[in-house]
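Down below is the structure, laid out as C-alpha cells.
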Amino acid sequence: MFFRCSHILWILILCEAVSGDNVMKAVNNDIAFTPVSGSVSPRTTSITWKHRDNAGVVVKVIEWDREEDSTEIPNPKFRSHASLDKHTGELTLRNLQLTHTGVYTIDINSKEQRKQFSLTVIEPVHKPYIRKECVLGDIPVCSLSCGDDDGASESTVVWKFSAGETLYGRDRYTRTLTVTKTGNPEHSYICTLKGAVNEETSDPVYERDLFDDSNTVLVIAIVVSVIAGVVFLILIIRCLRRHTRIQTQNQPLLQLSSLSSLCSRSGSCS
C-alpha cells in the first residue's frame with residue numbers, strides 16, 4: 001500500500017513538472033516565461049529556448065553562451081520579438097504574432113528542463129458597431145445587429161439597455177436583438193463582444209435615431225414639396241398676369257400703326 005501511494009505521488013509530481021503553463025494571448029501583446037524561481041545557477045554555461053509549433057516543427061528561439069558571451073536569435077520569426085534575461089533564464093516575447101503559437105521549452109547547460117510553456121496567440125476582438133433594420137408599422141420594431149470587421153464567431157455578445165438592464169438574444173452568440181419603441185428618445189442600446197483575451201463595446205444607438213428619423217424626414221419632404229408647389233404656382237400666375245397686362249397696353253399702338261399704314265397706301269387720310 002505504501003509503495004502504491006508513493007508511486008502515485010511521483011506520477012503527480014512528474015505531471016506537474018512537465019505540464020507547465022498554458023497561456024492565451026492576443027496578437028501584439030507581450031508574454032514572459034520564467035523557468036525557475038529566483039536566478040539560474042552561477043555554474044550555468046548556456047541557455048537555449050526552443051519552440052515547437054502545432055505541426056511539430058522545432059526551432060531555436062534564442063540562445064546564450066557564457067564562453068562567447070553572446071546571445072543569438074537564429075530564427076527570423078523571433079527576431080525583434082524575443083529577449084533573454086541570462087540571470088533568471090526568463091524569455092520575453094513582445095508584439096506576439098499568430099506564428100508564435102506553440103510549446104516552449106528551455107535547455108540549461110544543454111539539458112532540457114521538464115517544465116514546458118504552451119502559448120496560444122489569437123486575434124483580439126475589435127470594437128463592434130450596431131446596424132439597424134426598422135419596420136415602422138402600427139407597432140414600430142427595429143432589428144439591431146452587433147458586428148465587427150473580423151466577425152469572430154467565438155465571441156460572446158452582451159446587449160445592454162441604457163437603463164442598466166442586460167438584454168439577451170436566443171443564445172450567448174446571438175448578434176441580433178429585436179427592440180420596440182419605448183417612447184423615450186434618450187434611451188439607448190450598446191453591444192459588447194467578449195473574446196477569449198479581451199472585450200470591446202460599441203458606441204450607443206439612441207431610440208431617437210431608430211424610430212423618429214424616418215417619420216421626420218417624410219414630414220419634412222412633404223412640407224418642402226407643398227411649399228415648392230405653391231411657390232411655383234404663384235410664379236406662373238404672376239407671369240400670366242404680366243403677359244396679359246403687356247398685351248393690353250400694346251393694343252392701341254398696334255391699331256394706330258395699322259391705320260397709319262393704310263393711309264399711306266391710299267393717300268386719303270389728310
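Can you tell me which residue in region 108-158 is surrounded by the fewest Cβ atoms within 10 Å (Cβ to Cβ), limited to those that are polar (S, T, N, Q), in the same structural domain as ALA55 (by TED's automatic domain parsing) and not in a strand (DSSP E or B)?
The residue in question is SER110.
Does region 38-58 contain at least one residue that is surrounded by 12 or more Cβ atoms within 10 Å (Cβ to Cβ), on the phi < 0 side of the Ramachandran plot, among the polar types (S, T, N, Q) and under 32 Å from the mean Cα position of the chain (by Cα)?
no
Can you list residue pairs whose Cβ atoms sit under 6 Å apart, with the first residue in region 91-105 being of a type in the set (Gly, Ala, Ser) and the second being part of a strand (DSSP E or B)? Count only pairs 6 or more apart in sequence or on different chains.
Cβ pairs passing all conditions: GLY102/HIS51; GLY102/ARG52.
Surrounded by fewer than 15 Cβ atoms within 10 Å (Cβ to Cβ) and outside the structural domain of GLU199 (by TED's automatic domain parsing), is that true of LEU93? So that I can check it myself, show each step before the final result.
Working: surrounded by fewer than 15 Cβ atoms within 10 Å (Cβ to Cβ): no; outside the structural domain of GLU199 (by TED's automatic domain parsing): yes.
It is false that LEU93 is surrounded by fewer than 15 Cβ atoms within 10 Å (Cβ to Cβ) and outside the structural domain of GLU199 (by TED's automatic domain parsing).
The values are calculated or read from the model by the stated rules, or taken from the named source; none is laboratory data. Keep in mind that this is a model prediction, so the values were computed, not measured. Glycine gets a Cβ as well: all are built from the backbone with ideal geometry, and neighbour counts include every protein chain shown.
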